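The values are calculated or read from the model by the stated rules, or taken from the named source; none is laboratory data. Keep in mind the model is a prediction, meaning the values are calculated, not measured. Heads up, the Cβs are rebuilt from the backbone with ideal geometry, glycines too, and the neighbour counts pull from every protein chain shown.
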Amino acid sequence: MLSQLNYRASAYLNEGTEPRRLPFGAHSYYVPAQLFPTAEGYLALFITHDGFWKSFAAEVGIAGFLTMAERTARREEVLAAVTQALAADTALAWESRLRRLGVPAAVVRTLPEALAAAPDVIVTAGRYRLVASPVRVAGYAPDYRPPPLLGEHGDPP
């Protein structure tokens, strides 16, 4: 997980800048990039560039805040506008609407709900069911197999 925080770790190691925790798991730079309450459930929204914002804002009816720099500087205004807009529909409906536009958004689900919503990620390895690797390599299909029996690949105990 530290590798996923490489830019934060570098800022701390080289400048002493400690990251701060924000409500709803908000990202410290990208705005909006956090969980939002909706009419039913929560939506994880991750707007990381101005193109995503343009599509999102047009869909939900928010004007302005055209650049990430402006959205970051006016964080509270942006979050208030997004929260108000998302309250108009359910998380499931927003997920459907925003995914069609390529905007990174997903319903916050329990593990059983997430597995039921993505049956294509479940693979079988012998009598075990697993979540497939998210890593894709062109021309390679992983061979999911059950774990070896004790001593199967070496000297018996």
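Points to keep in mind about this one:
- In region 78-104, the residues that are at negative phi and modelled with pLDDT of 95 or more reach residues that are among the acidic types (Asp, Glu) and assigned to a helix (DSSP H, G or I) with C-beta atoms within less than 7 angstrom, at least six apart or across chains, in these pairs: Arg97/Glu59; Leu98/Glu59; Leu101/Glu59.
Matching residues to (1) in contact with a Phe, Trp or Tyr (Cβ under 6 Å, 6 or more places away or on another chain); (2) farther than 22 Å from Ser28 by Cβ; (3) surrounded by fewer than 16 Cβ atoms within 10 Å (Cβ to Cβ); (4) of a type in the set (Ser, Thr, Tyr):
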{"position": "Phe65", "(1), (2), (3), (4)": "no, no, no, no"}
{"position": "Ala81", "(1), (2), (3), (4)": "no, no, no, no"}
{"position": "Arg99", "(1), (2), (3), (4)": "no, yes, yes, no"}
{"position": "Pro104", "(1), (2), (3), (4)": "yes, no, yes, no"}
{"position": "Arg129", "(1), (2), (3), (4)": "no, yes, yes, no"}
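- Residue tally, condition touching a strand residue (DSSP E or B) at 6+ places or on another chain (Cβ under 8 Å) and on the phi < 0 side of the Ramachandran plot, over region 38-51: 7
- Yes/no for Ala9 being assigned to a helix (DSSP H, G or I), free of Cβ contacts under 8 Å to residues at least 60 places away in the same chain, more than 19 Å from the chain's Cα centre (by Cα) and loosely packed, with under 14 Cβ neighbours inside 10 Å: yes
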